[in-house]
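One structure is given below, encoded as structure tokens.
Derivation of every value follows stated rules applied to the coordinates shown; laboratory data play no part. The structure presented is a predicted model; accordingly, all values stated were derived computationally and were not measured. Every residue, glycine as well, gets a Cβ built from its backbone with ideal geometry; the counts of neighbours run over all protein chains shown.
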């Protein structure tokens, strides 16, 4: 009997020590993971766009491709070659037509090429400020920072691993002033089409400080084209049939008119519009590559359509840019005119910006300003947004900012 | 404890027997020697001592022109190589070998003028059409203008691509020296000299020159004697002879072909230097030979109503794509503007 108990105790202690060993092994193994949380004190929020665009053609095959690497507070060696930086934004490619409210769209991309900064970069991003989700803005150190852009070859090798002679080509080396907890967009621009001079434009955004309604959609406009672009000969400009009337650029001062169409099922620029929103004057836009002034936001109601139910709406937008004195009532050009000397350009904003109209018109394509997405029990639910439409040389870009919205319930 | 035992036991391996690698795959040198489509290239390798090198460790990429490609240059037997300057031959053959393994998949998609260093020491240019952005797969590769007709032949110490023509690098020789050496272009050279267009061809480039042969110029009434008799004040020189020169461009004929695949546009529009005349350069595979050919057409202006005044072509692949230090020279079989079309108004 005594022996038996001894045996039992032995067995017990054996299994106990085995567990202990396994547990300590587990602890030991998991102890190898060291999580380092990075933190930036007093950050500013920055989003960077490379508006220098290029096309691959026979005539431009020897031109330098503006495929860049961005450095904030770089460390530069004696030869002027960057050897490190506080913040590096590598593989900065030309900007895409649509900059969406969330960086999620590029999360599925398999390419390293980044259409904006932070874009695909895994960095600390902005918080939700006054309801606006700033996850497309990176946290950067505030104060006076040195910012540098270097040309890099179009491949997948990170900048600092490139051969030394490929790191010397600096496009821009300048300083910018960032105030803590402010929201900025930084644009890399061509400022003169003839001399090819480039520069940056730092704009301090104010949308998060304005009393904006969530039943109105807002939009403002910029023309950041280079000097002399619309005047230049068509043979010097890239051809892109998707940009239709925008290819040749638009004149330095334009008035913008909004038409709101009832339904995205009608892919026709002659289809029914919402009463009061057929060629409604919205804004005046002047070419500006120098001063960082925020253009005023114009708005239109989210629930303007007849069948609007307060949950989802199917309206789409068309913006016509005319020279002063011209509007949709006295427009002398036929609807499909795409080369009118920059007097009239237009853009249709519907679906995801990939669906063209079936009618013969001259509009470029961008996504709908309103975001339709599954939220709560509603799929889709339509949300009002704050938008910026930027015209740069022969291209037009849309940036959409959205408020935080309720998560979907499945 | 049992877990630890398992972990320890996992470290023990029995000796494994791995099948011996196939030793019958020949190295690049032997492969070329034993292939009847590359007899002339093989002869050139042996003549230039590259043969033994190509049987060494490598890795190499061999760009092997076919016998037909050499025939097009007038080389029909191994003895024809004896007549050549051996140093030049060695450099040109060295230009056809890369000291690396470069499969077609290693070349960037739709890469234009991607440069790789050759065994000779200078760079060659690779252009490759892999896809059309509007949809569709493409598959054309050109090394310094020479088309690859068979890709990715694997040899023991590298890879081999078959070329449809011989690459024609001239290394440090500039366009002026190249033209001066060739009697075939003597009338063209005389015309360039007469209208003070000659000296620039020794300078910094880059240029693309469409060199009309003497026979081509004679057809439109330009001969050595007629140039001698010309009054330079009566003619627009930049038009009469400048029309064959493209400044600040270096185009292989294949470039236009590659862009027609990847960009749906093979045309290049160019305003003549110091003149208002307008040139359109394009190239494609000509029917019915399906060999690369280029066309140049001239109009008085770039307006839509300006008709084509004249056009010329070069469809002899073996005579195009002469890569010089400051540009590229193409042979032209039909000349462009006659003296009457270039009279000063």
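Figures for the structure shown
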| read-out | value |
| --- | --- |
| Spatial separation of Cα centroids for the range B:171-193 and the range B:74-130, in angstrom | 24 |
| GNM top mover of A:242, A:318, A:47 - chain A, alpha-carbon springs below 10 Å | A:242 |
| Using alpha-carbon coordinates, inclination of helix A:2-30 to the longest axis of chain A, degrees | 30 |
| The range B:276-298 and the range A:103-150: distance between their alpha carbon centers, rounded to Å | 47 |
| Burial ordering of A:55, B:137, fewest other beta-carbon atoms within 10 Å first | B:137, A:55 |
| Cβ crowding within 10 Å averaged over residues, with B:256-263, B:96-103, B:230-237, A:342-349 ranked highest first | A:342-349, B:256-263, B:96-103, B:230-237 |
| Fluctuation leader among A:81, A:396, A:285 - chain A, Gaussian network, Cα springs under 10 angstrom | A:81 |
| Per-bin percent of Cα-Cα distances, the range B:175-342 [10 Å] | 10, 41, 38, 10, 1 |
| Gyration tensor (alpha-carbon) shape descriptor, chain B, a/c threshold 1.5 | prolate |
| Share antiparallel - DSSP beta bridges, the range B:28-167, percent rounded to 5 | 75 |
| Mean-position separation - Cα centroids, the range B:244-271 and the range A:334-363, in angstrom | 30 |
| Proxy reagent accessibility, fewest Cβ within 10 Å first, across B:143, A:257 | A:257, B:143 |
| √(5λ) per eigenvalue of the Cα gyration tensor, the range A:212-294, largest first, Å | 28, 20, 11 |
| Antiparallel %, DSSP beta bridges [both residues in the protein assembly as shown], to 5 | 75 |
| Inter-chain shielding of B:244-256 (mean C-beta neighbours from other protein chains, 10 Å cut-off) | 1 |
| Average beta-carbon neighbours from other chains, 10 Å sphere, peptide A:144-156 | 1 |
| Degrees between helix B:253-262 axis and first principal axis of chain B (Cα, 0 to 90, nearest 10) | 70 |
| Cα Rg, Dmax (largest Cα-Cα span) when computed across the protein assembly as shown, Å | 33.2, 134 |
| Antiparallel bridges, percent of DSSP beta bridges restricted to chain A (to nearest 5) | 75 |
| Cα long-axis angle, helix B:86-95 against chain B (0 to 90 degrees, to the nearest 10) | 70 |
| Residue-averaged 222 nm ellipticity for the protein assembly as shown, from DSSP H runs of 4+ at -39500 (n - 2.57), nearest 500 | -4500 deg cm²/dmol |
| For residues of A:52-58, the mean tally of beta carbons on other chains within 10 Å | 5 |
| Exposure proxy ranking, count of Cβ atoms within 10 Å, fewest first, for B:248, B:161 | B:248, B:161 |
